[in-house]
Structure formats: C-alpha cells, structure tokens
Amino acid sequence: MKSNDLGKKFLVEECQKVSISTFLKSTKEKLKNELLRIEAEIQGNHIELTTSKTGFGGIRYWFKCLNCSRRVGTLFMHPISQKIGCRGCLELEYRKIRYKGMVENSFN
C-alpha cells in the first residue's frame, strides 16, 4: 500500500470541496464586514463607513460625509481650509463645468 493510498477509491462528488473562488469570496466578505466595524481616519478625522444594497443583491460601500452625513464615494480635502467633506459641502467644481460656464457667459 502506498503512503497516499487510502484503500477504496472515492468519487469527487463524495468529497468536501473548497474552490479558490468560494474561499476568496468568503474572505472578501469577512474583510469588508471588518472594515465597516472600524472607522477610516484621514488627517486625524474619523470617517464613518456605510453601505447600501445594489439592484442585484450586492452591497455597495460608501464614506459618510463629515458635514452633511450623505453617502459619498469620494471625500475631498479643501486645499486652503484643509476641511474634509464631499464636493457639495466644500463647494467644489469640475474644471470642465467651470470652463463651460465661462464660455456661455462670454457669448451673452
């Protein structure tokens, strides 16, 4: 009898299996849940994390704005005041939108 010979041959269906994709999915879920239990910290400010459900039964993760408590995907730090918040609270604009407004006003 060989060292790895267990006598009777078994079918794959008779064995418990662990696939790498199942393992990674489980591990990722545990990691995500653990991340939600802790708060992120940016420049000494504690940032709360929150979730929402997606249309396909998944979970989407968000930051919670320090100022308005809205769920946002991106937080910004104002270059002058160093205040952290969402684009709306910090009254930030995109260059493209600002440029478009300048062009429209020049024709009036």
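Tabulated values for the structure
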read-out	value
Fewest-first ranking of V72, V12, using other Cβ atoms within 10 Å as the exposure measure	V12, V72
Linear extension gain, Q82 paired with Q16, 0.36 nm per residue minus alpha-carbon span	18.3 nm
Exceeding the 19 Å Cα-Cα cut-off - candidates K28/K64; K32/K64; K30/K53; K32/K83; K64/K96	K28/K64; K32/K83; K64/K96
Gain upon complete extension [C68, E91; 0.36 nm per residue less C-alpha separation]	7.0 nm
The range 12-106: C-alpha gyration tensor shape, a/c 1.5 cut-off, then a/b vs b/c	prolate
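No lab work stands behind these numbers, since they all come straight from the coordinates. Predicted model only: the values in this text are computed from it and were never measured. Quick reminder, even Gly has a Cβ in these numbers, built from the backbone with ideal geometry, and neighbours come from all protein chains shown.
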